[in-house]
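Each value in this text was obtained by applying a stated rule to the coordinates, not by laboratory testing. Since we're looking at a predicted model, the values are computed, not measured. Ideal geometry is used to build each Cβ from the backbone, glycine not excepted, and the neighbour counts take in all protein chains shown.
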Amino acid sequence: MSTETKIAVADGILPAQAIRALADAGGILPSEAFGQGQVQPASVDLRLGTRAHRVRASFLPGPGGAVAERLDDLTLHTFDLEKGAVLETGCVYVVPLLERLALPAHIAASANPKSSTGRLDVFTRVIADGVTAFDQVPAGYSGPLYAEICPQTFPIVVRKGSKLSQLRFRRGDPRETDEGLRRLQAEQTLVSGGDADIQDGIALSVDLKGDGTGLVGYRAKRHTGVVDVDQPGACAIADYWEPVFADRKQRLILDPDQFYILASKEAVHIPPTHAAEMMPFNPLVGEFRVHYAGFMDPGFGHSAAGGSGSRVVLEVRSHKVPFILEDGQIVGRLVYERMTELPDQLYGSDLGSHYQAQGLKLSKHFK
């Protein structure tokens with residue numbers, strides 16, 4: 001059966017069953033069969049291959065360029081990942097992935113770090129041959145995929161099969177309009193807190209009031225031990241993080257090049273008909289980065305999937321200068337995109353999802 005007959009004709013984000021159909025039709029070419037849970041409600045996890053390249057600098061291949069050719073020029077040394085290896089902070093690595101693509105002409109893809117990757121402050125981007133932008137795979141692309149990995153705060157242990165990034169497949173332009181978002185907000189409450197700020201997406205603000213103890217976030221420690229990305233619950237919070245408490249003015253001064261975990265003030269709801277993505281913050285209103293890992297699957301925060309009250313965890317880093325965040329300050333916008341069809345699985349406890357119904361929460365590696 002062809003890809004055309006297996007995938008719904010409407011513009012939208014492909015759900016899990018369409019991703020599996022795309023793979024069956026040869027649009028995704030894993031060198032090893034998908035593992036359990038690798039296909040998510042609106043994305044597929046990408047797995048590291050067997051070899052890693054330590055490179056001089058980040059790069060893009062550019063039009064007509066091949067990543068492999070650039071690696072021949074830029075690689076400092078190559079090492080095996082079969083038994084695991086440490087990736088050091090401040091270094092740039094490129095790893096061929098176990099998944100290749102042979103996309104139909106009407107299907108494009110985009111990548112983002114997985115939630116746990118972002119919360120570890122691991123800067124991860126996907127590269128394809130001939131591209132001029134990270135994390136973007138054009139419609140009809142046929143070729144290999146690579147992960148560029150740069151741990152910023154914690155050294156990490158990875159191995160063949162480790163999953164740091166995820167890929168979302170898109171047909172056409174399924175972005176929901178502001179009018180559509182207002183209708184969904186009125187009918188299904190996409191974000192809590194009354195009137196939503198809707199303009200090119202839905203605004204999210206930062207919570208610096210905190211819980212009953214005044215806890216508003218965590219600041220990463222420097223010079224810690226390693227974090228094994230495949231070992232949940234193996235690291236003690238106190239060894240890696242300092243708690244951050246609300247001050248009397250309910251504000252936080254971000255220290256330059258320090259990494260913080262904070263939370264949104266609003267609870268967020270992604271209905272089964274849509275997927276969402278946290279867009280980069282506008283640098284014109286502050287030199288800081290919020291939310292490395294932007295994908296949110298259908299069912300996140302959905303009551304029927306056990307997610308009522310789910311807030312967005314914010315991965316925050318200020319650049320160059322100290323910056324003051326105030327309680328309730330807008331720090332990003334959620335863009336919603338329509339699904340081509342309802343997914344046959346939703347983000348939630350039935351999938352072993354770690355961050356459903358979350359408040360302020362570190363990655364799954366800490367206990």
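Among 90, 201, 64, determine the one that fluctuates most according to a GNM of the chain built with springs between C-alpha atoms less than 10 Å apart.
Fluctuation is largest for 64.
Expressed as a whole percent, how much of the Cα-Cα distance distribution for the stretch 32-188 exceeds 29 Å? Each step should come with its number before you reach the end.
Working: 2628 of 12246 pairs.
That tail contains 21 percent of the Cα-Cα pairs.
First obtain the Kirkwood hydrodynamic radius of the stretch 4-87 from its Cα pairs, then insert it into the Stokes-Einstein equation at 10 °C and 1.306 mPa s, and state the resulting D in µm² per second as a whole number.
Numbers: Rh = 15.9 Å.
Value of D from the Cα-based Kirkwood radius: 100 µm²/s.
Give the relative contact order (percent, whole number) for the chain; include only Cα pairs under 8 Å separated by 6+ residues. Numbers along the way, then the final one.
Details: 963 pairs, mean separation 73.1, N = 367.
Once normalised by length, the contact order is 20 percent.
How much mean residue ellipticity at 222 nm does the chain get from its helices, if each DSSP H run of length 4 or more adds -39500 (n - 2.57) and you divide by all residues, to the nearest 500 deg cm²/dmol?
On the way: 6 runs with 41 residues, N = 367.
The per-residue figure over the chain is -3000 deg cm²/dmol.
Ratio of alpha-carbon Rg to the 2.2 N^0.38 Å globular estimate for the stretch 174-286, to two decimals, please.
Compared with the compact-globule rule of thumb, the stretch 174-286 sits at 1.33.
Positive end of the dipole of the stretch 1-125, charges at C-beta (+1 Lys, Arg; -1 Asp, Glu), about the Cα centre: which of 109, 62, 120 has its Cα farthest in that direction?
120
With +1 assigned to the C-beta of every Lys and Arg and -1 to the C-beta of every Asp and Glu, and no other charges, what is the dipole magnitude of the chain about the Cα centre in debye, to the nearest 20?
Working: 38 positive and 44 negative charges, 141 e Å.
Computed about the Cα centre, the dipole is about 680 debye.
Taking R0 as 22 Å, what's the FRET efficiency between residue 75 and residue 224 from their Cβ-Cβ distance, rounded to 0.05?
Values: r = 28 Å, r/R0 = 1.26.
The calculated FRET efficiency here is 0.20.
Work out from phi, with θ = phi - 60° and the Karplus expression 6.51 cos²θ - 1.76 cosθ + 1.60, the ³J(HN,Hα) of each residue of the stretch 133-148, listed in order in whole Hz, and give x for Gly and Pro.
Result, ordered by residue: 8, 5, 6, 10, 10, x, 4, x, 5, 10, x, x, 10, 9, 9, 9 Hz.
Taking only Cα atoms of the chain, what ratio of Rg to Rh do you get with Rh as the Kirkwood inverse-distance radius? The partial results should precede the final answer.
On the way: Rg = 20.0 Å, Rh = 21.0 Å.
Reported Rg/Rh, Kirkwood definition of Rh: 0.95.
So which trypsin sites (Lys or Arg not before Pro) in the stretch 139-232 end up in coil per DSSP with only 12 or fewer other C-beta atoms within 10 Å?
On the way: sites: 159, 160, 163, 168, 170, 171, 175, 182, 183, 209, 219, 221, 222; in loops: 159, 160, 209, 221, 222.
Here the trypsin sites (Lys or Arg not before Pro) that fit, given the DSSP loop and packing criteria, are 209, 222.
Hey, what did the stretch 94-172 get for relative contact order, percent, Cα under 8 Å, at least 6 apart?
Here the relative contact order equals 45 percent.
Quick one: divide the alpha-carbon radius of gyration of the stretch 138-211 by 2.2 N^0.38 Å and tell me what you get.
On the way: Rg = 19.1 Å, N = 74, 2.2 N^0.38 = 11.3 Å.
Taking N as the residue count of the stretch 138-211, the ratio is 1.69.
For the pairs 83/361; 114/361; 209/361; 265/361; 114/160; 83/163, note any where the Cα-Cα span goes beyond 21 Å.
Working: 83/361 30 Å; 114/361 15 Å; 209/361 16 Å; 265/361 14 Å; 114/160 17 Å; 83/163 15 Å.
From 83/361; 114/361; 209/361; 265/361; 114/160; 83/163, over 21 Å: 83/361.
Using +1 on the beta carbon of Lys and Arg, -1 on that of Asp and Glu, and nothing else charged, what's the dipole of the stretch 80-154 about the Cα centre, debye to 20?
Details: 5 positive and 8 negative charges, 39 e Å.
Magnitude of the dipole: close to 180 debye.
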